[in-house]
Amino acid sequence: MKNRGLRFDPRIQFAMLALPGAAFVFVFLVLPLLSIVVFSFWRTERYELIPEWNLENYRIVLTDPTYLTFLLRSLVMATVVCLASVVYAWPVAYFIAKHGGRYRLVLVLLTAAPFLTGIVLRVTALQQILGPIGLVNMALMTFGFEPIEALMYSNVASAIGLVYLWIPFMIVAIYLSLLNFDFELLEVAKVAGARPWRAFLEVTWPLNWIGTAIGIVLVFVPTFAATVTPRFLGGPNGSLFGNILEHQFGATGTWALGSAMGVVLFLVSLAFILLIGRTIDPKRTGFTGIGR
Amino acid sequence: MGDGRRTSFFLQALLLAFLYLFLYFPIFYIAFLSFVENTTWPFPPLYTLEWYSRLAIMSDFHEGLFNSLLIGLGTGALAALFATAGAMALLRYPVRRKALVALLYLGPLFVAEVLIGISTLMFNRNVLGLPGNLFSAILSNTTHALAFAFLVVLSQLVRYDWRMDDAAMVFGARPLRCFFEVTLPSIWPAVLGAFLVSFLLAFNNFEISFYNLGAVPTLPTIAWGTLRHGIEPELYALATLVNLAVFVALLLLYLLIRTGLVRIGLPED
């Protein structure tokens, strides 16, 4: 009977349910990530890792102007894409949450569904619109106009592509936050004499900042590490940090340098996440999540 | 005042409509291209089924489809299992350290896919001394898909009434029996949803699978290869088939939930 009592102990049951998944992530994700931290302090010789500890890889990544340019370009790209997504996603998510009624779920799922078709196919589709022989340019040329250079193989095309890929995350995050937002508060603000814009800036925006912040992080991380989009939409001056990173694991086989780039990529994303996390005030949010 | 409200209402509706156009037009446009001969400027269109018949005899395509299906099924099953167990643990038991567990489940959302890909490549190659294969591709796709599966199950299970389980336990049901006879019959749509989302993510995943598999083809790596060597119209046919399958799967899941054929826990109100 003692054994039976043990099996019903909530802590044991909790552990039996939660630990397998947690251990799985630890072994198959956390350990590999830690392993590239170790490799980043080694060096590579003829496609083989040599365990000689040094800081050379980091010196190269952080001082070589070429790599710094890629890093900076990725940061600017991720920032621009995040800003554009926030500006576009807000009115859309707001509209669905407030006026969607019984169609809310369909409307928001429709914005998220293309995400599940995978980035390669989505970029393929977008290339047929924006590329040099894409619909836009072919139409312009057919009707005797000059093609729009900015749309084909440029950073602008990359940015459009990245917004296309990741804006679903932003919309869903803001939408979920707005679902828990009490729209009556806006009526109160109105009665108290606030103009719509003022009510938005002082009530809606701050109370839903947590949703926006989560959306920003979810868009920033994949955009900052983008490889496929800049490769197929970015053109000759469109390579980002992710492209130079994957290059180390392909043609050149410089594993140690590539690992250091991976670590830098991860640390910059982590710093960004922590920075955004600090701006969230749990007491001033309409969001109710886990552990309610 | 009323005018301002109406203007902003229509402006927002317009933005939403334009977003749908932005998201779906490219998808429908390549579906259209997959049926025409003159793919560069298809006006007027010359219809053909040639790209589909070429796709059907591509041996790479069959192998890639089979591999993608395997990765999808393996990942879907593992992720749905871990996600259901994890979400139940988190919602049911008043235990401390919940945040740490949730962090491990959701953390992969904040790790870029390319990073998951290269780190598992390095770990397998240099620590375990194993070449990447379908099995390792399933394992690392699962870490990524698990976060999404977990959110799907969690979002549905918050409405589940655990008193049903307590009642079963009071009448002497063991935890496993209670799960299969009480919990699972009401929460299976959530589990199915988690499976479906993880399946689709892994089936269509490029960056994680690519670094785990090297030369072994999957549908996304075939598409990527075609894209790299200058687009060929077979790719339009491939993309159209995959997109169609994804939308049909999502539609089925949605209908299942909407028609009330399936209900999770207690009704919302």
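The values are calculated or read from the model by the stated rules, or taken from the named source; none is laboratory data. Just so you know, these numbers come straight off a predicted model, no measurement behind them. All Cβ positions, even for glycine, are placed from backbone atoms using ideal geometry, and neighbour counts span all protein chains on display. The accessibility values were calculated without ligands, DNA or RNA, using every heavy atom of the protein model including side chains. Shrake-Rupley method; radii C 1.70, N 1.55, O 1.52, S 1.80 Å.
With respect to chain B, whose longest principal axis is taken over its alpha-carbon atoms, helix B:113-122 is tilted by about 90°.
Candidate cross-link partners of B:LYS98 among the aspartates and glutamates, defined by an alpha-carbon separation under 18 Å and a same-chain spacing of 8 or more, comprise A:ASP9. Local charge for A:PRO196 was computed over the other residues whose Cβ lies under 14 Å away, with Lys and Arg +1 and Asp and Glu -1, and equals +3.
Counting only alpha carbon atoms, the long axis of helix B:59-92 and the longest principal axis of chain B meet at about 20°. Taking the Cα centre of each part, how many Å lie between region B:97-176 and region A:47-92? The distance from the Cα centre of region B:97-176 to that of region A:47-92 comes to 28 Å.
Across all Cα atoms of chain B, the radius of gyration (one decimal) and Dmax (whole number) stand at 22.7, 72 Å.
Based on the convex hull around the alpha carbon atoms, region A:170-292 presents an average projected area of 10.7 nm². Coupling constants for region A:64-73 follow from the phi torsions by the Karplus curve (6.51 cos²θ - 1.76 cosθ + 1.60, θ = phi - 60°), and in residue order they are 4, x, 4, 5, 4, 4, 4, 4, 5, 4 Hz; glycine and proline get x.
P(r) tail, region B:125-269: Cα-Cα pairs separated by more than 22 Å, 57% of all pairs. Summed over qualifying helices (DSSP H, 4 residues or more, each -39500 (n - 2.57)) and divided by its residue number, chain B shows a 222 nm mean residue ellipticity of -23500 deg cm²/dmol.
Quick one: in region B:170-241, what % of C-alpha pairs are over 17 Å apart?
On the way: 1600 of 2556 pairs.
Result for the distance tail: 63 percent.
Near the amide H of A:ARG43, within less than 5 Å, lie the amide hydrogens of A:ILE50, A:GLU52, all on another chain or at least 5 residues away, with H placed in the peptide plane.
Calculated [222 nm] ellipticity per residue, helices only, for chain A: -21000 deg cm²/dmol; basis is -39500 (n - 2.57) per DSSP H run with n ≥ 4, divided by all residues, nearest 500. Distant-in-sequence amide contacts of B:VAL36, defined by a placed amide H-H separation under 5 Å and a gap of 5 or more residues or a different chain, comprise B:THR48. The 3J(HN,Hα) values that the Karplus relation (6.51, -1.76, 1.60; θ = phi - 60°) gives for region A:160-176 are, in residue order, 4, x, 5, 5, 4, 6, 10, 4, x, 4, 5, 4, 5, 4, 5, 4, 5 Hz. Gly and Pro appear as x.
Along each principal axis, taking the top coordinate minus the bottom one, the Cα set of the protein assembly as shown gives 76, 70, 51 Å in descending order. The average projected area of region A:1-134, computed from the convex hull of its Cα atoms over all directions, is 17.8 nm². Once the Cα-Cα distance is subtracted from the 0.36 nm per residue extended length, the A:TRP205 to A:PHE183 segment shows a gain of 6.7 nm. Got a sec? Which residues of region A:13-27 lose 30 Å² or more of accessible surface with every protein chain in place, vs. that chain alone, 1.4 Å probe? Residues meeting the cut-off: A:GLN13, A:PHE14, A:LEU17, A:ALA18, A:GLY21, A:ALA22, A:PHE24, A:VAL25. Here region B:151-269 exposes an accessible surface that is 67 percent carbon and sulfur, computed with a 1.4 Å probe and the other protein chains kept in place.
Select from B:ALA173, B:SER68, B:LEU146 the residue farthest towards the positive end of the dipole of chain B; place +1 on Cβ of Lys and Arg, -1 on Cβ of Asp and Glu, and compute about the Cα centre. After comparing all options, I get B:ALA173. Measuring max minus min along each principal axis, the C-alpha atoms of region B:119-178 give extents of 53, 25, 16 Å (largest first). Between B:SER8 and A:THR252, the modelled labels are 5.1 nm apart [label points 7 Å from Cα along Cα→Cβ].
Loop-located chymotrypsin sites (Phe, Trp or Tyr not before Pro) across region A:102-179 with a Cβ neighbour count of 14 or fewer within 10 Å are A:PHE143, A:PHE145, with loop assigned by DSSP.
Please state the charge dipole magnitude for region B:58-258, taken about the Cα centre, from unit charges on C-beta atoms (+1 on K and R, -1 on D and E), reported in debye and rounded to the nearest 20. Numbers along the way, then the final one.
Details: 11 positive and 10 negative charges, 175 e Å.
Its charge dipole is roughly 840 debye.
The phi-based Karplus calculation (6.51 cos²θ - 1.76 cosθ + 1.60; θ = phi - 60°) puts the 3J(HN,Hα) values of region B:13-19 at 4, 5, 4, 5, 4, 5, 5 Hz, whole numbers, x for Gly and Pro. Each eigenvalue of the Cα gyration tensor of chain A, multiplied by 5 and square-rooted, gives one semi-axis; in descending order these are 36, 34, 19 Å. Solvent exposure of A:PHE95, expressed as accessible area, is near 20 Å², computed with a probe of 1.4 Å over the protein chains only. The charge dipole of the protein assembly as shown, taken about its Cα centre with unit charges on the Cβ atoms of Lys, Arg (+1), Asp and Glu (-1) only, comes to about 1920 debye. Shape index of region B:1-154: Rg/Rh, with Rg the Cα radius of gyration and Rh the Kirkwood radius from the inverse mean 1/r over Cα pairs, equals 1.14.
For the pair region B:199-254 and region A:119-194, the centres of their Cα atoms are 22 angstrom apart. Here the simple spin-label model places points 7 Å from the Cα toward Cβ, and for B:TRP188 and A:GLU146 these points are separated by 6.4 nm. Distance between the modelled labels on B:PHE32 and A:ILE133, one decimal in nanometres: 1.8 nm (7 Å Cα→Cβ projection).
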